[in-house]
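Trainee: Got a structure here, written out as structure tokens. Questions coming.
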Amino acid sequence: KAKSEGRSTYHFFETGMDAELQQRRSIEAGLRLAMQRNELRLMYQPLLGLGENRVSCVEALLRWDHDERTISPAEFVPVAEDTGLIVPIGEWVLHEACRAAAAWPSGVRVAVNLSPVQFRQKDLVGQVKAALSEARLEPTRLELEITESLLLTDSEATIAALHDLRAMGVRICMDDFGTGYSSLSYLRSFPFDKIKIDRSFMADLTTRNDSRAIIKAVIGLGQSLGMVTTAEGVETEEQLAMVRDFGVSEVQGFLFSPPLQPSTLANLLHSEAVKTQAKKAS
Ligand code: C2E
Ligand code: MG
Ligand code: MG
Ligand code: MG
């Protein structure tokens, strides 16, 4: 009874629904079917390790092919989080990304984005273990990217899960660093393996002294805490030269490569491996 009442209330409001809410509803309905219909896929963006001058890591990025267009995760991930659909979707991403990575050269890691909602389920650690063992991927080849918002709740269960994952050998990365609140305190609440500096800092690196100072300081901080640092959103040679000069470990951005189709990425890694072999032999 309560359910049918709820539904009629819903219809009542629907007449006055604004375009944005309408949009969310349609995304939600489509997303429920997206997995069954195989409309979700992953693109892979390689990250360049500056020390070794080769691909150190590859980030898996979700795409949704729906109604003859490709919907970006910025649009549907928030809806997937609100509805809880991010839990089965996130599990699929983990399995798919680990399977892909198992076919790459062993020096290349895979990075998977995790939503805070995925940490609210009981057995995230078990899910990660299952994905790794199904793919026969070494835990040290998996990186999990989380954002500051996860630590806002400061839940003991979350911290425990992060510690368990890290104890398995999985790397934990702080994504979009600098966009949340009181970022520095989070570096104390958990020993991250990597800090990814948000691309908003990169965007005005060459025009704003303050952005430059922040990037430089974060890279220095990462170094002294023994963390890998990544500059996100590197689009120009000028930006690359600057962050290299600051001592960043890794760069990600359109300058080196946009997100690629799985086969294109696999070809890139293969040809890179061949080049390295040739260099060693000569
Ligand atoms: P993110 O984790 O920070 O991923 C990096 C985003 O920056 C990607 O956007 C990538 O395409 C974009 N990017 C990379 N290089 C450049 C550059 O040089 N310039 C610019 N302007 N952009 C660049 P994308 O693929 O649209 O993903 C957006 C966000 O959606 C991700 O940000 C992440 O927060 C979320 N997301 C993506 N895949 C997943 C997933 O599997 N699970 C969850 N929970 N979230 C995901
Ligand atoms: Mg990420
Ligand atoms: Mg990021
Ligand atoms: Mg981002």
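The values are calculated or read from the model by the stated rules, or taken from the named source; none is laboratory data. Because the structure is predicted, anything quoted here is derived from the model rather than measured. Note that each Cβ is placed from the backbone with ideal geometry, even for glycine, and that neighbours are counted across all protein chains shown. What goes into the accessible areas is simple: the full protein's heavy atoms, side chains included, and nothing from ligands, DNA or RNA. Shrake-Rupley method; radii C 1.70, N 1.55, O 1.52, S 1.80 Å.
Trainee: Out of curiosity, is L225 within 30 Å of A161 (Cα to Cα), open to solvent by 40 Å² or more (accessible area, probe 1.4 Å) and among the aliphatic types (A, V, I, L, M)?
Mentor: Answer is yes for this residue.
Trainee: In the range 124-168, how many are open to solvent by 70 Å² or more (accessible area, probe 1.4 Å), of a type in the set (D, E) and at pLDDT 95 or above?
Mentor: Number satisfying all stated conditions: 3.
Trainee: Give A74, A135 a once-over and let me know the one that is within 24 Å of L47 (Cα to Cα), more than 10 Å from ligand 1 (Cβ to nearest atom) and not aromatic (F, W, Y). Spell out how you get there, then give the answer.
Mentor: Numbers: A74 fails: more than 10 Å from ligand 1 (Cβ to nearest atom).
Within the list A74, A135, the selection yields A135.
Trainee: So, one more: Is it the case, given these coordinates, that D210 is away from ligand 3 (no atom under 16 Å from the Cβ), closer than 19 Å to F246 by Cβ, more than 18 Å from the chain's Cα centre (by Cα) and not in a strand (DSSP E or B)?
Mentor: On the way: away from ligand 3 (no atom under 16 Å from the Cβ): yes; closer than 19 Å to F246 by Cβ: yes; more than 18 Å from the chain's Cα centre (by Cα): yes; not in a strand (DSSP E or B): yes.
Against the criterion (away from ligand 3 (no atom under 16 Å from the Cβ), closer than 19 Å to F246 by Cβ, more than 18 Å from the chain's Cα centre (by Cα) and not in a strand (DSSP E or B)), D210 qualifies.
Trainee: From E28, E20, grab the single residue that is open to solvent by less than 60 Å² (accessible area, probe 1.4 Å), away from ligand 4 (no atom under 16 Å from the Cβ) and either touching a helix residue (DSSP H, G or I) at 6+ places or on another chain (Cβ under 8 Å) or not in a strand (DSSP E or B) (or both). Lay out the reasoning, then the answer.
Mentor: Numbers: E20 fails: open to solvent by less than 60 Å² (accessible area, probe 1.4 Å).
Result of the check over E28, E20: E28.
Trainee: Another question about this same structure. Just name the residue that is farthest from ligand 3 (Cβ to nearest atom) out of those in the range 60-86 that are under 25 Å from K122 (Cα atoms) and among the acidic types (D, E).
Mentor: Going through the range 60-86, the residues under 25 Å from K122 (Cα atoms) turn out to be 60-62, 73, 76-86.
In the following step, the residues that additionally are among the acidic types (D, E) were identified as 81-82.
Values: E81: 16, D82: 21 Å.
In this case the residue turns out to be D82.
Trainee: Where residues in the range 188-202 are part of a helix (DSSP H, G or I) and more than 13 Å from ligand 3 (Cβ to nearest atom), which of them is least open to solvent (accessible area, probe 1.4 Å)? Spell out the reasoning first.
Mentor: Let us first name the residues in the range 188-202 that are part of a helix (DSSP H, G or I), namely 188-189, 199-202.
Okay, now just the ones that are also more than 13 Å from ligand 3 (Cβ to nearest atom), so 188-189.
Working: R188: 207, S189: 47 Å².
Taking the candidates together, the pick is S189.
Trainee: Only one of (1) in a helix (DSSP H, G or I); (2) touching a residue at least 24 places away in the same chain (Cβ under 8 Å); (3) under 30 Å from S211 (Cα atoms) is not met by S185, so which one is it?
Mentor: (2)
Trainee: To continue, here is another question. Collect the residues in the range 169-187 that are more than 16 Å from ligand 4 (Cβ to nearest atom), under 18 Å from the mean Cα position of the chain (by Cα) and open to solvent by 70 Å² or more (accessible area, probe 1.4 Å), keeping them in residue-number order.
Mentor: Within the range 169-187, R171 is the sole residue that qualifies.
Trainee: Within the set of pairs 6 or more residues apart or between chains, which connect a residue that is among the β-branched types (V, I, T) inside the range 189-202 to a residue that is open to solvent by less than 30 Å² (accessible area, probe 1.4 Å) and within 11 Å of ligand 3 (Cβ to nearest atom) with Cβ atoms less than 6 Å apart?
Mentor: Going by the 6 Å Cβ cut-off, the qualifying pairs are I195/M174; I195/F177; I197/F177; I197/A231.
Trainee: Shifting gears a bit: Using beta carbons and a limit of 9 Å, which pairs, at least six apart or on different chains, have the first residue in the range 44-66 and assigned to a loop (DSSP other than H, G, I, E, B) and the second one open to solvent by 20 Å² or more (accessible area, probe 1.4 Å)?
Mentor: Once the first residue is assigned to a loop (DSSP other than H, G, I, E, B) and sits in the range 44-66, its partners that are open to solvent by 20 Å² or more (accessible area, probe 1.4 Å) give L50/L240; L50/R244; L50/G247; L50/S249; G51/S249; E52/G107.
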